[in-house]
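Colleague: To start, I am sharing the structure in question, which I have written as structure tokens.
The values are calculated or read from the model by the stated rules, or taken from the named source; none is laboratory data. Just so it is clear, the structure is predicted and the values come from calculations on it, not from any experiment. Heads up, the Cβs are rebuilt from the backbone with ideal geometry, glycines too, and the neighbour counts pull from every protein chain shown. Protein only, heavy atoms only, side chains kept; ligands, DNA and RNA dropped before computing areas. Shrake-Rupley method; radii C 1.70, N 1.55, O 1.52, S 1.80 Å.
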Amino acid sequence: MGFNTDVLYAGRQEAASQGATIAPIVQSSAFAYRTMEDLERVFANRAPGFVYTRVGNPTVAAFERRVAALEHGFAAVACASGMAAVAQTFQTILTAGDEVLASAGLYGGTIQFNALLRNLGITVRYVPHFTPDELESLATERTRLVFGEVISNPGLGVTDIRAVAEWSHAHGLPLVLDSTTATPFLVRPLELGADIVIHSTSKYINGSGNGVSGIVVDSGRFRWDFDRYPALAPFRQFGPLAAHVRLRQDVMPCFGGCLAPFNAYLNLVGVETLGLRMERICRNASALAHALAAIPGVTVNHPSLDAHPQSALARRQFRDGLAGGILTLRLGSRERALRTAERLRYATIASNIGDVRTLVIYPATTLFAHNTPEERTAAGVFDDTLRVSVGIEDPEDLVQDFTTAIETDTKGEQQ
Ligand SMILES: *Cc1c(COP(=O)(O)O)cnc(C)c1O
């Protein structure tokens, strides 16, 4: 099946929905059983069934099957937010004393989370360019996980998934990738060797910015060495599924970061148009990036531009040479960046990405308010940077709106 067929049908289980064409919202905390013995069997993993929505729910499960199928993964666990997905994945795999190798320029919230891990005895080392050579130079005998973003937000670095997966596996390490900004429409990281894919489904998968959520998709292929991963040892009977099963049956129930059925339903509606939206959004972003790059005094960053250091990789790795819906603009000064944002008619000032509406933000003092200056610079955030999450508006309107906002400012300064 092609992608736009998959988003409608992949992972569908008709029996569960009584003929409803979209999985219904099962807004119930608990599930009733005829006898105590029936309930016992479900608790003991000897019979399938739902018990309590923190651990599993039919609407949430329908969303998990759909995304797992779109990523060509074995199974997925949906979470309360993208951060819950990141945090619970790290909790599943790591123990005190472990080290993580992560790409620099990650999502600000993930950098903030990584700093918090220090209190738990887990160290995250940042690799400036996330290449095998740099990974090799920072690896130690305590390294247990390799983590990066497929297209980093907002740095817009592109990960060479195949190369980093090969390096990781040669060292017995799982590769975990946050693919929020790429989505399965642009690339399926598990097919290129990644072991676990994480999404903030609040973004492109939901699509309309009406619910916060996240998901963890496991390939079911990584061969865990249970001496090196003691947290997974109690789950050794599940072999390559040990991390998936521990997340579902141990970490989710204990940390409680589950997805609400209503938000799973909103995501099931949203994901049906993921292919249509991503195609439009990525074409709009490329058109806007090329138009604005021609304006003197403006520096544009987007992987579709030849000036981007990984433009060739993006063309090779992503569907139809599309390069994502986020771009950044450097406008020369903080004042000019703020004035430009406020002058835009068709862009909303808001802290989000992946909406059908174009959104802009000045990241230095918002998204990166809790990061150090070094972390900001590594993430490609400067005093004059605006981040744009491009929407599905007509491209002529977007180009005209941004061009006018920037050029009005230039003229104002000259007077
Ligand atoms: C938004 C985002 C997150 C966090 O997701 P939430 O759903 O907001 O918790 C993680 N990674 C990336 C790349 C994001 O854009």
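Colleague: Would you pick out the residues in segment 341-352 that are within 27 Å of residue 410 (Cβ to Cβ), open to solvent by less than 60 Å² (accessible area, probe 1.4 Å) and either part of a loop (DSSP other than H, G, I, E, B) or charged (D, E, K, R) (or both)?
Modeller: 344, 350
Colleague: Conditions first: (1) at pLDDT 95 or above; (2) closer than 30 Å to residue 7 by Cβ; (3) more than 15 Å from the ligand (Cβ to nearest atom). Residue 94 passes all but one, so which condition is the exception?
Modeller: The number of the failed condition is (2).
Colleague: I've got another one for you. Residues of segment 317-334 being touching an Asp or Glu at 6+ places or on another chain (Cβ under 9 Å) and open to solvent by 10 Å² or more (accessible area, probe 1.4 Å), which ones? Show your work before the answer.
Modeller: Kept after step one, since they are touching an Asp or Glu at 6+ places or on another chain (Cβ under 9 Å), are these residues of segment 317-334: 317, 319-320, 322, 329-334.
Across segment 317-334, the qualifying residues are 317, 319, 320, 330, 332, 333, 334.
Colleague: Give the residues of segment 140-168 that are more than 21 Å from residue 86 (Cα to Cα) and touching a residue at least 12 places away in the same chain (Cβ under 8 Å), sorted by residue number.
Modeller: Of segment 140-168, the ones more than 21 Å from residue 86 (Cα to Cα) are 140-141, 162-163, 166-167.
Within segment 140-168, 140, 162, 163, 166, 167 meet the criteria.
Colleague: If I ask for residues that are within 11 Å of the ligand (Cβ to nearest atom), outside any strand (DSSP E or B) and of a type in the set (A, V, I, L, M, F, W, C), which ones from segment 166-183 would you list?
Modeller: 182
Colleague: Hey, another quick one. Which residue out of 225, 218 is touching a residue at least 12 places away in the same chain (Cβ under 8 Å), surrounded by fewer than 20 Cβ atoms within 10 Å (Cβ to Cβ), more than 16 Å from the ligand (Cβ to nearest atom) and acidic (Asp, Glu)?
Modeller: Details: 218 fails: surrounded by fewer than 20 Cβ atoms within 10 Å (Cβ to Cβ).
On inspection, the qualifying residue turns out to be 225.
Colleague: If I go through segment 65-89 residue by residue, how many of them are surrounded by fewer than 23 Cβ atoms within 10 Å (Cβ to Cβ) and either among the hydroxyl-bearing types (Ser, Thr, Tyr) or away from the ligand (no atom under 11 Å from the Cβ) (or both)?
Modeller: Looking only at that region, the number is 6.
Colleague: Mind telling me which of the residues 368, 402 ends up being more than 23 Å from the chain's Cα centre (by Cα) and surrounded by 14 or more Cβ atoms within 10 Å (Cβ to Cβ)?
Modeller: 402
Colleague: Moving on. So, in segment 1-35, how many residues would count as being exposed (fewer than 14 other Cβ atoms within 10 Å of the Cβ), among the β-branched types (Val, Ile, Thr) and not in a loop (DSSP other than H, G, I, E, B)?
Modeller: 1
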